[in-house]
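Novice: I am attaching a structure below and will ask some questions about it afterwards.
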Amino acid sequence: MLKCLKTLFAFALLVLAAQFVTGQETEILVTQSASVQVELVSDEIYDEPEAAPIDEATAPVYSSYEEFQASPGYAKFMIDNLWILMAAAMVFIMHLGFATVESGFTQAKNSVNVIYKNVFILATGIITYAVVGFQIMYPGDFNGFFGFGGFGIGFDPADSAGMLTPAYVEEMTIWSDFIFQAMFAATAATIVSGCVTGRIKLPAFMIFGALLVAFSYPITGSWLWGGGWLDQLGFYDFAGSTLVHAVGGFAGLACVLLLGARAGKYENGKVNTIPGHNIPLATVGIFLLWFGWFGFNGGSVLSADPAGVSFVFVNTALAAAAGALAAMIATNLLMHKLDAPMALNGILAGLVGITAGADVVSPTSAVLIGLFAGALVVASIAAFDKLRVDDPVGAISVHGICGVWGTLAVGIFSAEYSFLTQLIGTAAVIGFTFAFSFIVFGAIKYTMGVRVSAEVELGGLDLEEHGNNAYPSFAGVELLSKA
Amino acid sequence: MLKCLKTLFAFALLVLAAQFVTGQETEILVTQSASVQVELVSDEIYDEPEAAPIDEATAPVYSSYEEFQASPGYAKFMIDNLWILMAAAMVFIMHLGFATVESGFTQAKNSVNVIYKNVFILATGIITYAVVGFQIMYPGDFNGFFGFGGFGIGFDPADSAGMLTPAYVEEMTIWSDFIFQAMFAATAATIVSGCVTGRIKLPAFMIFGALLVAFSYPITGSWLWGGGWLDQLGFYDFAGSTLVHAVGGFAGLACVLLLGARAGKYENGKVNTIPGHNIPLATVGIFLLWFGWFGFNGGSVLSADPAGVSFVFVNTALAAAAGALAAMIATNLLMHKLDAPMALNGILAGLVGITAGADVVSPTSAVLIGLFAGALVVASIAAFDKLRVDDPVGAISVHGICGVWGTLAVGIFSAEYSFLTQLIGTAAVIGFTFAFSFIVFGAIKYTMGVRVSAEVELGGLDLEEHGNNAYPSFAGVELLSKA
Amino acid sequence: MLKCLKTLFAFALLVLAAQFVTGQETEILVTQSASVQVELVSDEIYDEPEAAPIDEATAPVYSSYEEFQASPGYAKFMIDNLWILMAAAMVFIMHLGFATVESGFTQAKNSVNVIYKNVFILATGIITYAVVGFQIMYPGDFNGFFGFGGFGIGFDPADSAGMLTPAYVEEMTIWSDFIFQAMFAATAATIVSGCVTGRIKLPAFMIFGALLVAFSYPITGSWLWGGGWLDQLGFYDFAGSTLVHAVGGFAGLACVLLLGARAGKYENGKVNTIPGHNIPLATVGIFLLWFGWFGFNGGSVLSADPAGVSFVFVNTALAAAAGALAAMIATNLLMHKLDAPMALNGILAGLVGITAGADVVSPTSAVLIGLFAGALVVASIAAFDKLRVDDPVGAISVHGICGVWGTLAVGIFSAEYSFLTQLIGTAAVIGFTFAFSFIVFGAIKYTMGVRVSAEVELGGLDLEEHGNNAYPSFAGVELLSKA
């Protein structure tokens, strides 16, 4: 614990040193960036348009979709809409990233289980978001805490010109709006999957995950992105450091507290490493996550505005790179190791960290946010192990802790947003999610149970629960025998 | 067999139950969707423009490409064209998906062979499509059954303004048209690769695959997409449930019937499972296929029309998700298993199923199509095993059977299209492909032979035919020894 | 050596035979293509806009970004800019391609080290490019040999309308310009990583790689793309056959000469094969590189011009396909093998080969360039082994030799460019890079040392230097034991 703090402190010195080297340059950039962003982030570009009420005076109205296609605004709408769809596809591929990171960073004997969970939760997330989630998250006018616009996506066949033109939102059709948001929805539960891997009963995860994505995630989402009370309060979370990542991380924390650590992880006061079985596979996942994050953050501009999207791309890349370097340095200082998995987690930490403020902090700030996130994730993983909170892939630290950091960082690095408001918003979302998760997962625990038997855990979930092996036939060598 | 039917029946009940739960809502959507689609799918948006004769009266004519660049229509053309290129790149990555699914779902000892086949057929597909395929598939005016526009891509250097502007087709240059179609071309043969894996002679596959992509695929393609007799008949296959996927599946069936099952697959009336060697690798492939499918289906809109592409994205995602869930349920009912490979195949089944009608069925219908496809693939794989048709990766079921289902589903879920016409078109394409494949592969069989020796099959194609191991040096442990 | 030459000769005959078969058709295409390209490649479309001085007379000037957003030119700018960003994301994913190819084609015991190096160099490349590289490569007015525009990206907060509109460059914001170029920057050092893998000291690589991407790469880059002396001379290298790939390959050659071969590679005059440990992993990498290359080449059009980008896509795909087929044929002729790794390297060879001229040679020429590259890489790898230059993944041949070939090919297949100028430019860039690398890596060698001990090399860098295993827990079987 002390060592962690020392490392974080050493890292803070490094950041200061870096600032000293780049000198006034840096300070000027940080200072100036505030005014720049005022310009860059004029409301009509960045505010979530689907939450904004349509200005009936200025919004163009078309009597038919064909009329719109012939109008001068059509080309711009095409580009905005196309970018949202491309971004949706890129966020989709993040689910492959999550699946391969979770599988690669854990034991081979549970890989089929990991894949099964991830496929299930992605499919369920998309379907439940279509059935209820989308209209919980974007309920239209509501009390700011909970609203429900009705079942389904909300497409009105009688008003296709209103649903498929700027009369809906200025930049995209209702279908694009839905599919981009739907790709986000399963993410939170996928993060939980990483936290509870290796010892959770499959049906317990399936029920909990489905409820989380169907209800909890869109409810807290509605508070800000749906135009609810946190939006009114001035809270800012650009693409979801808190609303997506910390939600997943703290839901996962609640589950892990109820579930307990994997057998053999903590013995006689010692922390045993249970290494991942396939680091190249995890690497594939981390890089795909980074790739997808360009869509996750870039698409959250909610238009193809050149200044907005390109600025977000730069900040996203810089924070990820800084996160990797900081994690490498911190691991070396703290553990005297050149640890590849930690470097990979540093990339994710930087990405999670920049997600809340990618459009409102300067590139220099993005580097600093990424650097701190990269060091923080190393310290946090060590700290949770001290607390005997067993998080096999480090998802609580990566998504939960760095998600909080990223959201608070908006209050530090952007002059527009209040640190206090950021703190309140983060605490409210995390608090609700943790409580929801603790109650729901607790109810599952005391009814049907959440943990597999010791025998199943030892033998591996793949053979015991699925009757599959992830790698059964590596030529002669029977790799995944029970023994 | 009985069990399969029971499962399909149980599944039909589930669909009914689902309809009961969503109630009238669903029925209204399905009903209304028909009228919606009439609006959504006006001819000028969705019809394959490259097949349509250019309307010389209205098509703008430019004396040079530079003149076009300065014209008001240039921006829209840029977007449409860019989307087709992005879609082409996404379809390209599906070939990595096919290679990794086939490799992961089969034995390690044949992985190098799988990769060699896939690289060969992708490269050959692109080259032969440039040399003959493109102008067989889009021959211009022809008799509706077979035409040939000439060797090469058909670019006329003397008329670059006519080839690179809306004078060619309204939305893209000739190069974009070619590259998007070329990425589809190798798909059919890649599907065959999965069916025949583990025991086919490499030269036999190479010759057969090259002939299939160079001639058979573009001939049946020309019947519909080239403006041939099936197009005249009113047959509809949006992105190729039949024209691409069922073609691959039934070509594969013909080959498997001539090739026989792998050694040890069917013994004493028992079906032995020969499990895939690397489920995470196959998972990478399935997710990449889903990702690429957004380009496969979305690009088949043949423009970046916001309503069209976003609608197709939503239907594609919903069908894939529904397919996964249905396969999970069906496997559980039929085999009492939580089977990850089957869940992954369920995703593909849903995707293949929605491909024919992604632009003309409602989202609710997309879910139902995906659900049935997911159950169907489970039953179909079991049925083919009963019939001792050895299809190592389930490609005949996924692409062949679900391809037929998807094409027929257009006649069920869309009021615009006739079930009978869909049946005729599907039967004609499959019939031609099966006959072509049976004759060509039969000729190869009785001349040079199609099957490796029992010794090579046992030792693995990698060592015996390639002298390579896929995983030779896992530290000390000599994994791929012959024994 | 003789055998290699014979193979290249046999291949040349094959090319001639191919030309004979396609007959006059081909010749006409090649001849005509020259005039076509004059049309296709008018200066305002293809010339690197960031190097061109802004024409103050015609460039529109906006008093604010908001004014620009309301202007008619905004939509076109959005598309161009969006394509550059998408292309940047695609080039990003090439780094995953490099990491998995290097890991898959080498031994399992060094996989963690490979990943660590790749993450480090990607992160460092992005950060150093932001700090110094971008403004070394694009220094504005300079003496043509070395310039430096100042630290940082060069965004002037006081002039956002000048930085984010066509006043900067006609097609993109400064952020897009930076991020696209930044994704290229780490590539050169990543190529080196492949050459030196398995025996280099980690700190030696880190220092050398950082210096290469921070200084050497942008200096030679400025000679052409920054508007320096090679640009004045008329040298042409569209997307970097020489400026990116040959730079990496020849930097790698310098390092390998100083580092020596891996233990056991060359013994008693015999070349021992040290096979890669995971061919499917390498396959994932190769296909991702091909996918990314559509962005690498397509984005280098530096606009979304439909004719330009689609033409480059077609040439890129054709050359890659031709490279694969030629490598398959050449390997079969030279080694009587059906070698999958060589077929995969053939894809890369074709891609590297077409990179210099993708926008200025005809599709027929692209096929010929790819064919020769595919044969060349096979001969080159054999030749370097004869010379006892140990290049574990063949990167010197793929990137260095085929990079030179691709750049010279512009002088052969395009009537616009002089072979002699291409030769001078290539020699100058390679010469500088080789000298820089030899001196810097030599200095590291004679101070801190560049090579791990024989014991570490034998035990594997993963365990010895990182304390990690790439695959530690394959169920019971302790795969990566030292023994």
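Novice: With respect to the numbered conditions (1) farther than 29 Å from B:A470 by Cα; (2) under 17 Å from the mean Cα position of the chain (by Cα), which one is the sole condition not fulfilled by C:G228?
Specialist: Failing condition for C:G228: (2).
Novice: Moving on. Restricting to the range B:342-391, name every residue that is assigned to a loop (DSSP other than H, G, I, E, B) and charged (D, E, K, R).
Specialist: B:D359, B:R388, B:D390, B:D391
Novice: Just checking, which of A:A108, A:A52, A:A88 is out of contact with any Asp or Glu (no Cβ under 7 Å at 6 or more places or on another chain) and modelled with pLDDT of 95 or more?
Specialist: Selected residue: A:A88, the only one of A:A108, A:A52, A:A88 that is out of contact with any Asp or Glu (no Cβ under 7 Å at 6 or more places or on another chain) and modelled with pLDDT of 95 or more.
Novice: Still on this structure: Say whether the condition of being in contact with a His (Cβ under 6 Å, 6 or more places away or on another chain), crowded, with 24+ Cβ neighbours inside 10 Å and either within 8 Å of another protein chain (Cβ to nearest Cβ) or at pLDDT 95 or above (or both) is met by at least one residue in the range C:352-371. Walk me through it before giving the result.
Specialist: First, the residues of the range C:352-371 that are in contact with a His (Cβ under 6 Å, 6 or more places away or on another chain): C:352.
Checking the rest, the ones that are also crowded, with 24+ Cβ neighbours inside 10 Å come to C:352.
Applying the additional criterion that residues be either within 8 Å of another protein chain (Cβ to nearest Cβ) or at pLDDT 95 or above (or both) yields C:352.
Within the range C:352-371, one or more residues are in contact with a His (Cβ under 6 Å, 6 or more places away or on another chain), crowded, with 24+ Cβ neighbours inside 10 Å and either within 8 Å of another protein chain (Cβ to nearest Cβ) or at pLDDT 95 or above (or both).
Novice: If you don't mind, there's one more thing I want to ask. If I filter the range A:260-272 for residues that are out of contact with any strand residue (DSSP E or B) (no Cβ under 9 Å at 6 or more places or on another chain), part of a loop (DSSP other than H, G, I, E, B), within 23 Å of A:I444 (Cα to Cα) and within 14 Å of chain C (Cβ to nearest Cβ), do I get at least one hit?
Specialist: Looking through the range A:260-272, at least one residue is out of contact with any strand residue (DSSP E or B) (no Cβ under 9 Å at 6 or more places or on another chain), part of a loop (DSSP other than H, G, I, E, B), within 23 Å of A:I444 (Cα to Cα) and within 14 Å of chain C (Cβ to nearest Cβ).
Novice: Okay, next question. Here is a check on your reading of the model: is B:T106 under 25 Å from B:S222 (Cβ atoms) and more than 7 Å from chain C (Cβ to nearest Cβ)?
Specialist: When the stated conditions are applied, B:T106 does not pass them.
Novice: Moving on to the next point. Residues in the range A:120-145 that are closer than 26 Å to A:L461 by Cα and either among the basic types (K, R) or under 17 Å from the mean Cα position of the chain (by Cα) (or both): how many?
Specialist: Total satisfying the criteria: 4.
Novice: Can you find even one residue in the range A:321-333 that is surrounded by fewer than 24 Cβ atoms within 10 Å (Cβ to Cβ), modelled with pLDDT under 95 and over 25 Å from A:A428 (Cα atoms)?
Specialist: yes
Novice: Can I ask one more? For residues that are part of a helix (DSSP H, G or I) and in contact with a Gly (Cβ under 7 Å, 6 or more places away or on another chain), scanning just the range A:408-419, find the one that is surrounded by the fewest Cβ atoms within 10 Å (Cβ to Cβ). Let's see the steps before the verdict.
Specialist: Applying the first criterion (part of a helix (DSSP H, G or I)) to the range A:408-419 yields A:408-413, A:419.
Narrowing the set further to residues that are in contact with a Gly (Cβ under 7 Å, 6 or more places away or on another chain) leaves A:409-410, A:413, A:419.
Numbers: A:A409: 28, A:V410: 31, A:F413: 21, A:F419: 13.
Looking at the filtered set, the residue picked out is A:F419.
Novice: So, B:M94, is that one buried (at least 16 other Cβ atoms within 10 Å of the Cβ), modelled with pLDDT of 95 or more and facing another protein chain (nearest Cβ under 7 Å) or not?
Specialist: no
Novice: Continuing with this model, one more query. Since A:D339 meets every condition but one in (1) at pLDDT below 95; (2) charged (D, E, K, R); (3) touching a strand residue (DSSP E or B) at 6+ places or on another chain (Cβ under 9 Å), which condition does it not meet?
Specialist: (3)
Novice: Can you name every residue in the range C:299-321 that is facing chain B (nearest Cβ under 7 Å) and either under 19 Å from B:A185 (Cα atoms) or part of a helix (DSSP H, G or I) (or both)? Steps first, answer last, please.
Specialist: Filtering the range C:299-321 for residues facing chain B (nearest Cβ under 7 Å) gives C:304, C:306-307, C:309-311, C:313-314, C:317-318, C:321.
Hits for the range C:299-321 are C:P306, C:A307, C:V309, C:S310, C:F311, C:F313, C:V314, C:A317, C:L318, C:A321.
Novice: Moving on. Go through the range B:130-140 and count every residue that is away from chain C (no Cβ under 12 Å) and free of Cβ contacts under 8 Å to residues at least 60 places away in the same chain.
Specialist: Counting residues in the range B:130-140 that are away from chain C (no Cβ under 12 Å) and free of Cβ contacts under 8 Å to residues at least 60 places away in the same chain gives 2.
Novice: Can we say C:V456 is free of Cβ contacts under 8 Å to residues at least 12 places away in the same chain, assigned to a helix (DSSP H, G or I) and not acidic (D, E)?
Specialist: yes
Novice: For the range B:61-70, check the following and say yes or no: at least one residue is among the charged types (D, E, K, R) and at pLDDT 95 or above.
Specialist: No: zero hits.
Novice: Okay, moving on. What helices (runs of 4 or more DSSP H) lie completely within the range B:149-247 and have 1 or more residues being surrounded by fewer than 24 Cβ atoms within 10 Å (Cβ to Cβ) and within 13 Å of chain C (Cβ to nearest Cβ)?
Specialist: Hits in the range B:149-247: B:160-163, B:174-185, B:202-211.
Novice: Regarding A:L463, is this residue farther than 24 Å from A:G248 by Cβ, over 24 Å from the mean Cα position of the chain (by Cα), assigned to a helix (DSSP H, G or I) and within 14 Å of chain B (Cβ to nearest Cβ)? Spell out the reasoning first.
Specialist: Values: farther than 24 Å from A:G248 by Cβ: yes; over 24 Å from the mean Cα position of the chain (by Cα): yes; assigned to a helix (DSSP H, G or I): yes; within 14 Å of chain B (Cβ to nearest Cβ): yes.
Yes.
Novice: Let me ask you something else. Which of the numbered conditions does B:A123 fail, given that it passes all the others? Conditions: (1) buried (at least 24 other Cβ atoms within 10 Å of the Cβ); (2) touching a Phe, Trp or Tyr at 6+ places or on another chain (Cβ under 9 Å).
Specialist: Every condition holds for B:A123 apart from (2).
Novice: Still on this structure: Scan the range C:297-348 residue by residue and report those that are hydrophobic (A, V, I, L, M, F, W, C), more than 30 Å from C:K76 (Cα to Cα) and touching an Asp or Glu at 6+ places or on another chain (Cβ under 7 Å).
Specialist: Within the range C:297-348, C:L338 is the sole residue that qualifies.
The values are calculated or read from the model by the stated rules, or taken from the named source; none is laboratory data. What you see is a predicted model, and the numbers here were worked out from it, not measured in a lab. Neighbour counts are summed over all protein chains in view; Cβ atoms, including those assigned to glycine, are modelled from backbone coordinates with ideal geometry.
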